[in-house]
Amino acid sequence: MADVPYRFERTAEAGSLHERYAELGAGEETDDDVAVAGRVMLTRPQGRLAFATLRDSSGQIQLFATEKVTADFETFSRLSQGDWVGARGRVMRTRKGELSVQVHEWVLLAEARRSFGDKWKGVTDTETRFRQREVDLWANERAGEVLRLRSRVVSVLRRRLEAEGFVEVETPMLHVLAGGALAKPFVTHHNALDTDLYLRIAPELFLKRLVIGGFEKVFEIGRVFRNEGLSPRHNPEFTMLELYQAYADYSDFLVLVEQLVAGLASELLSTTVLTYQGRPLDLTPPWRRATMAELVTEATGEEASVHTPVDELRRRVAAAGVDPDPSWGSGKLLLELYEKTAEPQLWGPVFVTEFPAEVSPLSRRHRDDPDLVERFEAVVAGRELVNAFSELVDPDDQRARFEAQAAAKAAGDDEAMVVDEDYLRALELGLPPTAGLGLGIDRLVMLLADVSNIREVIAFPTLRPER
RNA sequence: GCGCCUCUAGCUCAACGGCAGAGCAACGGACUCUUAAUCCGCAGGUUUCGGGUUCGAAUCCCGAGGGGCGCACCA
């Protein structure tokens, strides 16, 4: 390995140089001495002259070296694509008009022993791109742009929520019981306690315990883990925003969601009218609101609701191509019907409201109909982006719902919940009326970045290990 | 988990039953304003792996592995 320094005193970034010297004319040279650093993307040695394109995190700048003014010109002109260098010299613009740093002194900061792919086509092989993300990030500029957008999305979300008085908290990722969602958990083992622990599938129950503890407006942005298959829209670990607000109900969150998402789009993309994968997507509030029953009725042309006779619903579910389990009640049947008939046609943004109580074990019953709950999902670009509800506050009802879940689990549903006594004890201390929501950060970034594969928005997505 | 597609040099790709090739990168050389610089030269391979068919296999068949997409599950 070449001898490289321990630090380099950089005084300018590529991007800011272009702004600062926008007025500098072709062939003009300044007396301004700057020091830049980055990775050499391209070299164009030309005898007693040499050009190199240097990239740092702000952009690109050309290095201009000549035998006359550049120290160790001979070695400079032999730099390889991928080498990191620091260079000091005067800001100038070449006769052909390219803003450059005329290199007086320079130092190799790191040697690239491996290549960065074809200089025109880069690296397109998806496996290489995701297994060696560091290569991808240099070879494909867009890859880095998407991850930077992600960073800004999270940052803007935090800022907006904090401005609204929400407090960010961190709750456990290692759970004794995996609760708060319907999903298969990862299992791990704690040696000293000699007990199995589960990686969290949702922070929900802990966040509500904080509300019980007096945190009236809380949120958490964090990783959750679900032991499910991989797909272009599913990574086993993904990032969720969960948000809880005391004294509010789900209708407050309808407004909050459309404003949060539209606000994010206008702040980061300067518009609320997007194109996602070639299809127009207008995020401008207000978004359409429709109940699940309305959407099913609309899609099938037959009046349907949670009160439609069970046998009739079962018949329609079977007609839609799903084999109904005998244990399913009208709520589960309506949900199945919705997922098979209405949901595939939805593009959104649309709020799907009033879910069946049977499939919503943590949601509060609807004030007008005990078979429904006050819950909505926001479908945006054909995908569920947000799930929110008025929180179930009644400990007796919660126990009954947990027990129904436990029965389903005993009957073979390995995604069903179990009875969480810690949570029930907390509820018995009194949870005030509260609204809660969960939003998939990865999918939100996909939307704003207009990418179709979740792996694009995750720096190091899950892949099967190489053997 | 199931189905379909795919895997050739570091990268991007050809060759599709008959001698494994090109461009870029790398390496050596020429070149004082390049922009994917240009020109000359050189080198680079267990064609993912293991079997089979064939006079002959990167190519056809079977199996394994990786990846992609779809379905299932979900956010």
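Observations
- Residue in segment A:232-246 that is open to solvent by 30 Å² or more (accessible area, probe 1.4 Å), of a type in the set (Lys, Arg), within 14 Å of residue A:342 (Cβ to Cβ) and touching a residue at least 40 places away in the same chain (Cβ under 8 Å) present: no
- Out of A:95, A:129, A:133, sole residue that is charged (D, E, K, R) and touching a helix residue (DSSP H, G or I) at 6+ places or on another chain (Cβ under 6 Å): A:129
- Condition check for residue A:128: over 30 Å from residue A:232 (Cα atoms) and either at pLDDT 90 or above or open to solvent by less than 60 Å² (accessible area, probe 1.4 Å) (or both): no
- Evaluated against (1) in a loop (DSSP other than H, G, I, E, B); (2) closer than 30 Å to residue A:340 by Cβ, residue A:271 falls short on exactly one condition, (2).
- Single residue of segment A:71-98 satisfying the filter (hydrophobic (A, V, I, L, M, F, W, C) and more than 10 Å from RNA strand B (Cβ to nearest atom)) that is surrounded by the fewest Cβ atoms within 10 Å (Cβ to Cβ): A:71
- Scanning segment A:274-301 for residues that are free of Cβ contacts under 8 Å to residues at least 40 places away in the same chain and surrounded by 13 or more Cβ atoms within 10 Å (Cβ to Cβ) turns up A:284, A:285, A:294, A:297.
- Considering segment A:362-467, the qualifying strands (runs of 3 or more DSSP E), each wholly inside and each with 3 or more residues that are more than 29 Å from residue A:260 (Cα to Cα), run over A:369-373.
- Residue in segment A:161-175 that is open to solvent by less than 80 Å² (accessible area, probe 1.4 Å) and part of a helix (DSSP H, G or I) present: yes
- Hits in segment A:400-440 (condition: surrounded by 15 or more Cβ atoms within 10 Å (Cβ to Cβ) and over 22 Å from residue A:358 (Cβ atoms)): A:426, A:439, A:440
- Note on segment A:6-53: among residues that are among the basic types (Lys, Arg), within 27 Å of residue A:137 (Cα to Cα) and more than 32 Å from the chain's Cα centre (by Cα), the one that is nearest to RNA strand B (Cβ to nearest atom) is A:44.
- Single residue of segment A:219-235 satisfying the filter (farther than 30 Å from residue A:160 by Cα and in a loop (DSSP other than H, G, I, E, B)) that is modelled with the highest pLDDT: A:227
- Test for residue A:207: is it open to solvent by less than 70 Å² (accessible area, probe 1.4 Å), assigned to a helix (DSSP H, G or I), in contact (Cβ under 8 Å) with a residue 40 or more places away in the chain and under 22 Å from residue A:402 (Cβ atoms): yes
The values are calculated or read from the model by the stated rules, or taken from the named source; none is laboratory data. Here the structure is a predicted model, which is why all the values come from computation and not from measurement. FYI the Cβ positions are ideal-geometry reconstructions off the backbone, even for glycines, and counts take in every protein chain you see. Please note that ligands, DNA and RNA were not included when accessible areas were found on the heavy atoms of the full protein model with its side chains. Shrake-Rupley method; radii C 1.70, N 1.55, O 1.52, S 1.80 Å.
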